Amino acid sequence: MSHVAIEPHGGKLINRISKNVDIKDLFQLQINHELANDVENISDGVFSPLEGFMCKHDFESVVQHGALENGLSWTIPIIMDVDETTAKQIQKSDVLLKTPYNNIAILHVDEVYTYDKKQIMDKIYLTNDMHHPGVQKTSLLKKFLVGGKIDYLERPYDTNRAHRKTPIETRAQFKKLGWNSIVAFQTRNPPHVAHEMMQKTALVNHDGLFINPLIGKKKTGDFKDDIIIKSYETLIDLYYSNNTCELATLHTDMKYAGPKEAIHHAIMRQNYGCTHIIIGRDHAGVGNYYKPFTAQQIFDYYQDLKIKPIFFPTFFYCTLCLSFTNSKVCPHDVRNHNQVSGTNLRQMITQKIIPSKYIMRPEISKIIIDHKDPFVD
């Protein structure tokens, strides 16, 4: 069967990589690591069809309606905030964006505008509780937002770039492997055996698996990036057949926006070339802010996505079924289910208690327990 690639979101894979751009005499603005990742994702087409940071009409439409001004589905604002002094200096100009290591891009400023933080909290995160990490981050944003297209100059220094790939690269790899149906798996954690079983169940009816851990700023208590990467490298090496699984890292910060972020995660994986994405019952959730299954139900309202969600119930090992299974087919009491919550797993790791082999592969447990400081401060 010949390879047929899925269409990028909006129909065109964006490429804002530029050469021979004159940066002389431009206003210079240093940006943080998170914004630098957004700039690179815009430029590489991970955020297709966006060509830059959102101007006011798109921003307001995304917040209010979950779509760009032209009606195309989009649920997470991609924005750049600046203080009042900077806002006055960069009106309708070209700005050189820098990190401490290099010049990374030119931002062609189209618009500088004010906005309502409370609307972001209420519409994107569905709460204004300051204990929510996304709400807390929103409260710290500066007073103005800047909209405009990006011209990318040079990739920044990053210690975790070994598995970072562009959509052009992932699509070329899928074609080389002859994969037509590709299942994406989003994660911000090392793999549990239940996750592995879910992934392998999806592989039964699809050509390949695209494991795409999110590498970037996370909340206190989450696992650190190097543990996530090493864990998946080990799992794929030891427990996956050749040419069935590809690993690439997605460099952006977690929003913890539940259902809205589930759609955003799907759009990015469609741009990478995936045809399907596994969506859990509390995908991208945190605490008890979102009801179970809302991250799955929201896909009913976003019909223009080409990528298709795959919904799984929670997997566990049943000591009576003698297999990994789920509540849909296992009739037995939860006392016979070998599973652990994220909170309990972190407590076990902190106390150097090795989880059951039915919860986590021993090789993965060792990576975590041997790490001096496995959690984000």
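Each value in this text was obtained by applying a stated rule to the coordinates, not by laboratory testing. For clarity, every value in this text was computed on a predicted model and none was experimentally measured. Virtual Cβ from ideal backbone geometry, glycine too; neighbours counted across all protein chains shown.
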Q: Work out Dmax and Rg for segment 169-232 from the C-alpha atoms and quote the Rg first, both in angstrom.
A: 13.3, 40
Q: Holding the Cα-Cα limit at 18 Å, pick out from LYS165/LYS200; LYS92/LYS149; LYS217/LYS366 the pairs that are longer than that.
A: LYS165/LYS200; LYS217/LYS366
Q | Set LYS123/LYS143; LYS137/LYS218; LYS88/LYS218 screened for pairs whose C-alpha atoms are more than 21 Å apart | A | LYS88/LYS218
Q. For segment 256-363, what value does the Rg/Rh ratio take when both radii are computed over Cα atoms and Rh is the Kirkwood radius, given to two decimals?
A. 1.03
Q: With both partners inside the chain, how many of the DSSP beta bridges are antiparallel, as a percent to the nearest 5?
A: 55
(Q) Can you show me the helix-derived [θ] at 222 nm for the chain, built from DSSP H runs with n ≥ 4 at -39,500 (n - 2.57) apiece and divided by the number of residues, rounded to the nearest 500. (A) -8500 deg cm²/dmol
Q | Taking the C-alpha atoms of segment 167-370, convex hull volume expressed per residue in Å³ | A | 128
Q: For segment 222-236, take each phi angle, set θ = phi - 60°, evaluate the Karplus expression 6.51 cos²θ - 1.76 cosθ + 1.60, and give the result in whole Hz per residue in order, putting x for glycine and proline.
A: 6, 6, 6, 4, 5, 5, 4, 5, 5, 4, 6, 4, 5, 4, 5
Q. In whole Å, how far is the Cα centre of segment 244-286 from that of segment 4-30?
A. 22
Q | Length gained when the stretch GLU363-GLU69 is fully extended (0.36 nm per residue, less Cα-Cα span) | A | 101.0 nm
Q: Calculate the dipole size of the chain relative to its Cα centre from +1 charges on Lys and Arg beta carbons and -1 charges on Asp and Glu beta carbons; express the result in debye to the nearest 20.
A: 800
Q: Would you work out the relative contact order for segment 167-370, in percent, from Cα pairs under 8 angstrom that are 6 or more residues apart?
A: 21
Q. Which percent of Cα pairs goes in each bin when the distances of segment 140-246 are cut into 5 angstrom slices starting at zero?
A. 2, 9, 18, 19, 18, 13, 9, 6, 4, 1, 0
Q: Identify which of the listed values of Rg and Dmax of the Cα atoms in Å was calculated from the structure shown: (i) 21.1, 72; (ii) 25.0, 84; (iii) 19.0, 57.
A: (i)
Q | Cα convex hull of segment 1-116 - mean projected area over all directions, nm² | A | 9.5
Q: May I ask you to sort TYR101, TYR113, TYR256, TYR240 by Cβ crowding, counting other Cβ atoms within 10 Å and putting the fewest first?
A: TYR101, TYR113, TYR240, TYR256
Q: Would you list which lysines come within 16 Å of LYS306, measuring only between C-alpha atoms, while excluding same-chain residues fewer than 8 positions from it?
A: LYS12
